[in-house]
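The values are calculated or read from the model by the stated rules, or taken from the named source; none is laboratory data. Just so you know, these numbers come straight off a predicted model, no measurement behind them. Positions of Cβ are backbone-derived with ideal geometry, glycine not excepted, and every protein chain shown enters the neighbour counts.
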Amino acid sequence: MIAQLLHWVILVLIIAQFVLAIMADDLPNNMKKLVLLSRHKSIGLTVFALALVRLGWRWGNATPPLPSTLKPYERLLARGTHALLYVLLLVVPFTGWIMSSAHGFPVSWFGVFQLPDLVAKNHDLSEVLEETHETLAWTLAALVALHAGAALKHHFILKDDVLRRMLPSSKPEGTEP
């Protein structure tokens with residue numbers, strides 16, 4: 001159940017990240033924009049931490065095997081997609097932290113503590129990192145959509161239990177796809 005809970009909490013937080021980023025992007029530079037971006041950074045740090053917890057959980061707990069009906073290339077795609085999702089769940093928030101540092105804006109977690117700057121203020125670097133962060137975020141969104149589409153295909157077309165086993169309380173502790 002822990003793996004499923006982490007899965008769905010991270011998904012909800014990723015959706016919130018996109019909503020906050022899009023809302024902030026449409027605003028002029030003012031206090032409302034700073035508040036939205038501050039929340040965006042805090043949630044990004046939360047996603048980063050929860051992704052680390054989920055990786056640790058996954059390494060310490062068995063996952064059920066992929067359905068035997070999958071072709072070899074489908075198994076490769078499933079494993080590759082999961083690996084890339086984990087990479088992006090870590091890299092996207094990290095690039096946001098570096099970008100904020102390069103912009104000269106502090107990163108705090110809901111005002112509780114402030115993280116150190118990772119690089120000195122640097123306008124050129126901040127521009128490159130902003131583009132990198134945005135590109136990686138949209139790549140994550142596309143991968144999440146692909147992942148959701150695959151889950152729906154398993155449920156409605158292949159009629160296997162891949163989606164059902166990711167629903168909370170659907171399987172014993174420590175089992176996930």
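Taking the stated definitions as given, is residue 49 closer than 18 Å to residue 115 by Cβ, free of Cβ contacts under 8 Å to residues at least 24 places away in the same chain, among the small types (Gly, Ala, Ser) and loosely packed, with under 14 Cβ neighbours inside 10 Å?
Working: closer than 18 Å to residue 115 by Cβ: yes; free of Cβ contacts under 8 Å to residues at least 24 places away in the same chain: yes; among the small types (Gly, Ala, Ser): yes; loosely packed, with under 14 Cβ neighbours inside 10 Å: yes.
The answer is yes for residue 49.
For segment 52-74, what are the residues that are more than 30 Å from residue 103 (Cβ to Cβ), surrounded by 13 or more Cβ atoms within 10 Å (Cβ to Cβ) and not hydroxyl-bearing (Ser, Thr, Tyr)? Can you show your working first?
If we filter segment 52-74 for residues that are more than 30 Å from residue 103 (Cβ to Cβ), which is where we start, we get 56-74.
When the remaining residues are screened for being surrounded by 13 or more Cβ atoms within 10 Å (Cβ to Cβ), the result is 57-58, 61, 63-64, 66-67, 70, 74.
Scanning segment 52-74 gives 57, 58, 61, 64, 66, 67, 70, 74.
Do the conditions hold for residue 130, that is, is it under 19 Å from residue 22 (Cβ atoms), in contact with a His (Cβ under 9 Å, 6 or more places away or on another chain) and either modelled with pLDDT of 95 or more or not in a strand (DSSP E or B) (or both)?
Answer is yes for this residue.
Could you say whether any residue in segment 44-59 is at pLDDT 95 or above, more than 19 Å from residue 82 (Cβ to Cβ) and more than 14 Å from the chain's Cα centre (by Cα)?
no
Looking at (1) surrounded by 13 or more Cβ atoms within 10 Å (Cβ to Cβ); (2) polar (S, T, N, Q); (3) farther than 21 Å from residue 25 by Cβ; (4) in contact (Cβ under 8 Å) with a residue 40 or more places away in the chain, which is the one condition that is false for residue 38?
Single failed check for residue 38: (3).
Please work out if residue 139 is part of a helix (DSSP H, G or I), hydroxyl-bearing (Ser, Thr, Tyr), out of contact with any Gly (no Cβ under 7 Å at 6 or more places or on another chain) and over 30 Å from residue 69 (Cβ atoms).
no
Would you mind stating whether residue 17 is under 16 Å from the mean Cα position of the chain (by Cα) and at pLDDT below 95?
Spelling it out, it is not the case that residue 17 is under 16 Å from the mean Cα position of the chain (by Cα) and at pLDDT below 95.
When you go through 92, 19, 9 one by one, which is the residue that is within 21 Å of residue 142 (Cα to Cα) and crowded, with 16+ Cβ neighbours inside 10 Å? Talk me through it step by step, then tell me what you get.
Values: 19 fails: crowded, with 16+ Cβ neighbours inside 10 Å; 9 fails: crowded, with 16+ Cβ neighbours inside 10 Å.
Unique residue meeting the criteria: 92.
Looking at (1) surrounded by fewer than 15 Cβ atoms within 10 Å (Cβ to Cβ); (2) at pLDDT below 95, which is the one condition that is false for residue 160?
With (1) surrounded by fewer than 15 Cβ atoms within 10 Å (Cβ to Cβ); (2) at pLDDT below 95 applied to residue 160, the lone miss is (1).
Determine if segment 114-122 includes at least one residue that is surrounded by fewer than 14 Cβ atoms within 10 Å (Cβ to Cβ), of a type in the set (Val, Ile, Thr) and not in a helix (DSSP H, G or I).
There is no residue in segment 114-122 that is surrounded by fewer than 14 Cβ atoms within 10 Å (Cβ to Cβ), of a type in the set (Val, Ile, Thr) and not in a helix (DSSP H, G or I).
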